[in-house]
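Visitor: Pasting a structure below so you can have a look.
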Amino acid sequence: MYTFEDNKLLIAHLLNLPFQEIDTITTIDSSSISCVLKNTHSACPFCHSTHVYSKGFYKKSFTIPYQHSNIKNIILNIKRFKCQECLHSFSNSTGLPPRNFITSYPTIEAIMTSLKKENQTFKSIADNFHVSETTVKRYFDKYYHPPKFQFPSVLCLDEIYVPSLTIRSNYLTVMYDFENKKLIDVLPSRTKEDLHRFLTFLC
Ligand SMILES: [Zn+2]
């Protein structure tokens, strides 16, 4: 059974919030908790006026890594304010998840760490974290940045005949870094177009 302090620590850690910014925590059901953040704004971030008034709360739901606890959702009640001087609205919440995301940074980090494991698939990770497979693929495309390739001093090229190959032709082109003795890439044909595309990508 999780205590109030356990949940407070969990929320502070998972949502990257200072411990003291969490006011109250309410259990909704076995997998969801609701949390109210304290008022941390004393001035308008646009004009720095202190003449601000409360416009109540809005709710925002965040998914959290399944492995950490039985709680899968945190619903944050975030206070909204309006400035009496410049009339801008603003809220307490900043930087918890990426903009327009409902998944917190620690969850995305945990998903990306799982993607490094050889025995995991997009589907298995999606099941573990209770998100869709499309979501996992979207994070992979957005956050995985392969190291930029350094053009080798000596590039070896060879074409290999594979009788059983049915991708485009019966040939593959192998690119090899002679000095570092490393395979660079295997192109799916031996056409000039594929070679041109590969070399353009390197530039
Ligand atoms: Zn203002």
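Visitor: Exceeding 27 Å between C-alpha atoms, which entries from my cross-link table qualify? They are K117/K142; K60/K142; K59/K117; K123/K181; K8/K59.
Guide: Beyond 27 Å: K59/K117; K123/K181.
Visitor: Take the chain, mark every one of the GluC sites (Glu not before Pro) that falls in a DSSP loop and has at most 11 other Cβ within 10 Å, then report the longest stretch left between them, sites excluded. Don't skip to the answer; put the middle values down first.
Guide: Working: sites that count: E118, E179.
Answer - 1-117.
Visitor: Mean separation of Cα pairs under 8 Å and 6+ residues apart, divided by the residue count of the stretch 155-202: what relative contact order is that in percent?
Guide: About 29 percent, as a whole number.
Visitor: Quick check on the stretch 109-203: what does the Kirkwood estimate of hydrodynamic radius come out to from the alpha carbon pairs, in Å?
Guide: 16.1
Visitor: Show me, for the stretch 48-63, the HN-Hα J-couplings you get by feeding each phi into the Karplus relation (A = 6.51, B = -1.76, C = 1.60, θ = phi - 60°), rounded to Hz, glycine and proline as x.
Guide: These are the phi-based 3J(HN,Hα) values: 6, 5, 8, 7, 10, 10, 6, 10, x, 10, 10, 9, 9, 9, 10, 8 Hz.
Visitor: Specify the longest stretch of the chain that does not include any exposed loop site, a site being one of the trypsin sites (Lys or Arg not before Pro) with a non-H, G, I, E, B DSSP assignment and at most 14 other Cβ atoms within 10 Å.
Guide: Excluding the exposed sites themselves, the longest stretch runs over 39-98.
Visitor: Once phi is turned into θ = phi - 60°, what whole-Hz ³J(HN,Hα) does the Karplus curve with 6.51, -1.76 and 1.60 give for every residue of the stretch 115-123, x standing for Gly and Pro?
Guide: With coefficients 6.51, -1.76 and 1.60, one gets 5, 6, 7, 5, 8, 9, 10, 4, 5 Hz.
Visitor: Can you list the residues, at least 5 places off or on another chain, whose amide H is less than 5 Å from the amide H of S189, using H built in the peptide plane?
Guide: T173
Visitor: Could I ask something else about it? Using a probe of 1.4 angstrom, how much of the accessible area of the chain is carbon and sulfur, in percent?
Guide: Numbers: 7170 of 13160 Å².
Answer for the chain is 54 percent, counting heavy atoms of protein chains only.
Visitor: Still on this structure, please answer the following. Which chymotrypsin sites (Phe, Trp or Tyr not before Pro) in the stretch 171-203 sit in a loop by DSSP (not H, G, I, E or B) and have at most 13 other Cβ atoms within 10 Å of their own Cβ?
Guide: In loop regions of the stretch 171-203 (DSSP not H, G, I, E or B), the sparsely surrounded chymotrypsin sites (Phe, Trp or Tyr not before Pro) are F178.
Visitor: On the Cα set of the chain, report Rg and Dmax in Å, please.
Guide: 25.4, 77
Visitor: Using a Förster radius of 30 Å, what is the FRET efficiency between S169 and F149 based on their Cβ-Cβ separation? Nearest 0.05, please.
Guide: For R0 = 30 Å, the calculated efficiency reads 0.75.
Visitor: Okay, next question. Helix-only estimate, please: 222 nm mean residue ellipticity of the chain, summing -39500 (n - 2.57) across DSSP H runs of length 4 or more and dividing by its residues, to the nearest 500. Provide the component values of the computation, followed by the final result.
Guide: Numbers: 5 runs with 52 residues, N = 203.
Value at 222 nm, helices only, nearest 500: -7500 deg cm²/dmol.
Visitor: Follow-up question, since we're still on this one. How charged is the neighbourhood of H51? Take every other residue with its Cβ under 12 Å from the Cβ of H51, and add Lys/Arg as +1 and Asp/Glu as -1.
Guide: Combined, the nearby Lys, Arg, Asp and Glu give 0.
Visitor: Can I ask one more? Running a GNM on the chain with Cα contacts under 10 Å, which residue among D177, D141, D29 ends up with the highest mean-square fluctuation?
Guide: D177
The values are calculated or read from the model by the stated rules, or taken from the named source; none is laboratory data. No experiment lies behind these values; they were computed from the predicted model shown. Positions of Cβ are generated from backbone atoms using ideal geometry, with glycine treated the same way; all protein chains shown enter the neighbour counts. Just the protein is used for accessible areas: all its heavy atoms, side chains included, with ligands, DNA and RNA removed. Shrake-Rupley method; radii C 1.70, N 1.55, O 1.52, S 1.80 Å.
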